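Before any comments, here is the structure.
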Amino acid sequence: MVTTIDRPARPGHDAAMNKRNEADSCVIVLFGASGDLAARKLIPALYEMAESGALPGGTCVVGVSRTPMSDDQWRDVLRPSVEHHARSFDARSWDKFAKRLHYFAGDGAKRNTYPRLMQRVDELSQSHGCGGNVLFYLSVAPSLYEPIIGCIDESGMVLEGRRWCSINRDSMPWQRIIVEKPFGQDAASAASLNRALGRAFDEDAIYRIDHYLAKELVQNLLVLRFANTIFEPIWNHRYIDHVQITAAETVGVGKRGDYYDSAGAIRDMIQSHLLQVMALVAMEPPTRYTAHHIRQEKVKILDAIVPTPADRLQEFAAFGQYAGAEAEPAYHELPGVKPRTTTETFAALVLKFNNWRWAGTPFFLRTGKRMAAKRTEVVVQFKQPAADLFSALALDGAPTLGRPANQIVIEIAPRECVSLRFEGKVPGQGMKLDSVSMDFDYARRFNAEPVEAYGPLLMDAMRGDQTLFKHRLEVESAWDSMMPFLGPESAPLRKNLAGNYAPGSWGPASSDALLARYGRTWHHGG
């Protein structure tokens, strides 16, 4: 596996990717315009950006979908969703924003759609003043990714070759593409999709989106580590005992059984979101704060994951399916779920790195549906002091042995905060210890409400800033590390999953047993 990524092709490209640069106006060609993601996330996010004044004045959207509809009809469909999902709604702001929304009825996976679509994009670019810049967004079923990319390539809408050969290439319009997850179903399909994208676009025009990377506390991981001298010197195997990364949801699969049964917890959450969070926790310091340098370090750390032995998977994984309750039937009883399904709604994995910083330090990753609490967090647990000064003292009739280790808890959701736990003396006579914590509450400290992730990510794509998007090698390395848990070797771990953990619990007993094998226990918050 190659562990370096190509340097930017243009002089000054690092500067062009800096977030301080202004976003360019463009035509956003939104495939899947009548879908749920467009209505719930993308259009409300663009509306918020427009209302705040961040969206470039010439930017407009042309929604592409097969359903016949006029511009006004599409706007009428979207308005209730924007009212419901945007942070605030103003009728006048909506009327102004809605003029940027246009609709095109057509099948993006068919070649004969593109002559008309190209003409429509050109018309909108001229009328709105977009300068020919085009941002494609694939908000469609994954099976349509490659057919649509192939049609875009064959249509001649992408001018990258002519742009790089131009005498004044910076004045040429750009074409970029955002691809939604799931980015492949396995290592082979991810590599195939990367090849399809590479035939149509240069790598610096490809934006593989993961909205987790835009969450404030995820971005704060880099600041916590690399802007504070007190943390980075001890951020290694000499001082850190282990790291836990959890993404727990209280909701079940609901009506998405058909989709979820082909995905499961590893594909849906760990391969994408949690491995990205883990990379930010574990990577080496980048040389500079640029997309190129940050993504290069993420590629290196993902490539350093120790391959999991296929004949010892039980030492590295635990799977589960939630049982039924009044609120929702058991997973295996949901519509769309195959009889005797072995798809996991809960997964816990153990990963290690073969590098100098983390040699031997276990990283525990856990995600599940219908859990005891909604919580996404990173727990960094430090080792016990090499010599316990207080171990010989019997205080209040009890020894001080077994005090909790120092710990940093980075809660990404729902309460965005960072907590540092350490030991302190209880006031009064004698020597009695208790755990205390120092808390940084993001919303309270900055008096700010975190912005929906999609808005900033769309703006970054218009800037040409790939910092919060995945490189192709990140995707492929992540899939490589997950394949042992998804292949036929995992079959013994997938036997008798049906209902092996109760709704409202912290997962199956095998999850606790997995950590017990390593002499650790899960952190459950509180």
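Rounded to the nearest 10 degrees, the angle from helix 71-85 to the longest Cα principal axis of the chain is 20 degrees.
Contact order, relative form, for the chain: 19 percent (alpha carbon pairs under 8 Å, 6 or more residues apart, mean separation divided by residue count). Please give the helix 187-200 orientation as an angle from the longest Cα principal axis of the chain, in degrees from 0 to 90, rounded to the nearest 10. It works out to around 30 degrees. With every protein chain in place and a 1.4 angstrom probe, the accessible-area ranking of Arg312, Arg195, Arg421, Arg444, largest first, reads Arg444, Arg195, Arg312, Arg421. An oblate overall shape is assigned to the stretch 133-260, the ratio a/c of its alpha-carbon gyration tensor axes (a ≥ b ≥ c) being 1.5 or greater and a/b not exceeding b/c.
Quick one: what does P(r) look like for the chain with 10 Å bins over all Cα pairs, in whole %? All Cα pairs, binned at 10 Å, distribute as 3, 17, 26, 26, 17, 7, 2, 1, 0 percent. Residue-wise HN-Hα couplings along the stretch 469-476, as the Karplus relation 6.51 cos²θ - 1.76 cosθ + 1.60 with θ = phi - 60° gives them from phi, are 10, 8, 7, 4, 6, 4, 4, 5 Hz; Gly and Pro carry x. Straight-distance candidates among the lysines for linking to Lys181, with alpha-carbon spacing under 17 Å and chain neighbours fewer than 8 residues away dropped: Lys41, Lys215, Lys470. Charge tally around Arg267: other residues with Cβ under 12 Å, Lys/Arg +1 each, Asp/Glu -1 each, net -3.
Annotation: amide H-H contacts under 5 Å for Lys383 (H modelled 1.01 Å from N, sequence separation of 5 or more, or interchain): Ile240, Asp241. Take every DSSP beta bridge whose two residues both sit in the chain; close to 60 percent of them are antiparallel.
When the helices of the chain are scored as -39500 (n - 2.57) per DSSP H run of n ≥ 4 and the total is divided over every residue, the value at 222 nm lands at -9000 deg cm²/dmol. Positive contributions from Lys and Arg (+1) and negative ones from Asp and Glu (-1), summed over other residues with Cβ under 10 Å from the Cβ of Glu249, come out at +4.
Solvent exposure of the chain, expressed per residue, is 45 Å² of accessible area, with all protein chains present and a 1.4 angstrom probe. When a/c reaches 1.5 or more, the comparison of a/b and b/c decides; with that in mind, is the stretch 32-83 rounded, prolate or oblate per its Cα gyration tensor? Judged from the Cα gyration tensor, the stretch 32-83 comes out prolate (a/c at least 1.5, a/b above b/c). With a/c under 1.5 counting as rounded, go ahead and sort the stretch 457-513 into rounded, prolate or oblate using the C-alpha gyration tensor (a ≥ b ≥ c being the square roots of the eigenvalues; past the cut-off, prolate if a/b is larger than b/c, else oblate). Oblate is the answer for the stretch 457-513, as a/c is 1.5 or above yet b/c matches or exceeds a/b. Rounded to the nearest Hz, the phi-derived 3J(HN,Hα) couplings of the stretch 175-182 under the Karplus curve 6.51 cos²θ - 1.76 cosθ + 1.60 (θ = phi - 60°) are 10, 10, 9, 10, 10, 7, 6, x, where x marks glycine and proline. Gyration tensor over the Cα atoms of the stretch 206-355: the corresponding equivalent ellipsoid has semi-axes (square roots of 5 times the eigenvalues, largest first) of 33, 18, 15 Å.
The values are calculated or read from the model by the stated rules, or taken from the named source; none is laboratory data. Keep in mind that this is a model prediction, so the values were computed, not measured. Cβ atoms come from the backbone with ideal geometry, glycine included; neighbour counts cover every protein chain shown. Surface accessibility is based on the protein's heavy atoms, side chains included, excluding ligands, DNA and RNA. Shrake-Rupley method; radii C 1.70, N 1.55, O 1.52, S 1.80 Å.
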